[in-house]
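Computed from the coordinates by the stated procedures, all read-outs in this text should not be read as laboratory data. In this text the structure is predicted, and so the values were computed from the model without any measurement. So basically every Cβ, Gly included, is an ideal-geometry build from the backbone, and we count neighbours across all protein chains shown.
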Amino acid sequence: MTIAIAKTTQNTKSRVTFADYLTYFDGSDTKYELVDGELVAMSLATGKHGGITKFLERDLDGEIERTGLPWIALQGIVGVRCPRGIGLDTVRIPDVVVMQRDDWQALQEREAVIDFDLSAPLLVIEVISPSTKSVDYRAKRTEYAARDIPEYWIIDPIEAKITVLINSDGWYDITEFFDSDRIISPTFPELQLTPKTIFSI
């Protein structure tokens, strides 16, 4: 279904509701996030970016299978509805999401957005690019914390570091990992993964 979004003037922007976002299609292959009621186009990622996200999806799925956990890792195909300020019309599409497999099954016949009727993701991962650095480090950090997502990774090829953020009472505590450091993840405590491995992809 295609919905019509009202044309904007120079001084006003058209707001898009969450319900409208779920059915929005402009005839292109462009993916959009919804940020406080505004559609924000997602730029095409570099090959390096895509390689890292594909590797992480496979590696985390392998760990999930090894440990027999009822979860699934998904690369760039699931939106997460988040509070932002006093509004609820924000949907982010993380590079990788780890979620409950039952919740993934619940999305099979509806739009692939983790709404508030489903559990928050267990882990979200964003891979930094120059155009998204500020958003990934600042805005998404606030939004993911407000959604009570327990763990958030920021993969930063620019500074060759991985930041793991752990939710503590509604805010994130930060640990940074470099080079051959083993990434410490409460969600995946036995994971054997280093920044060096990820950035060599």
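Helix 47-67 and the long axis of the chain differ in direction by around 60°, with both axes built from C-alpha atoms. Under 14 Å from a point 7 Å along the Cα-to-Cβ line of S129: which residues of segment 57-94 have their amide N that close? Answer for segment 57-94: 76, 93-94.
Can you say what percent of the DSSP beta bridges in the chain, counting only those with both residues inside, are antiparallel? Round to 5.
Numbers: 30 of 37 bridges.
Antiparallel bridges: around 80 percent, rounded to the nearest 5.
Counting 0.36 nm for each residue step from D169 to D102 and taking away their Cα separation leaves a gain of 21.5 nm. Each listed q (0.11, 0.18, 0.19, 0.21 Å⁻¹) maps to a log10 I(q)/I(0) for segment 45-199, found by the Debye formula over equal Cα scatterers with no solvent: -0.39, -1.13, -1.27, -1.57. Under a no-solvent Debye model with one identical scatterer per Cα of segment 128-172, what's log10 I(q)/I(0) at q = 0.17 Å⁻¹? Summing over Cα pairs of segment 128-172 leads to -0.45. Inverting the pair-averaged 1/r between distinct Cα atoms of segment 120-201 gives 12.9 Å as its Kirkwood hydrodynamic radius.
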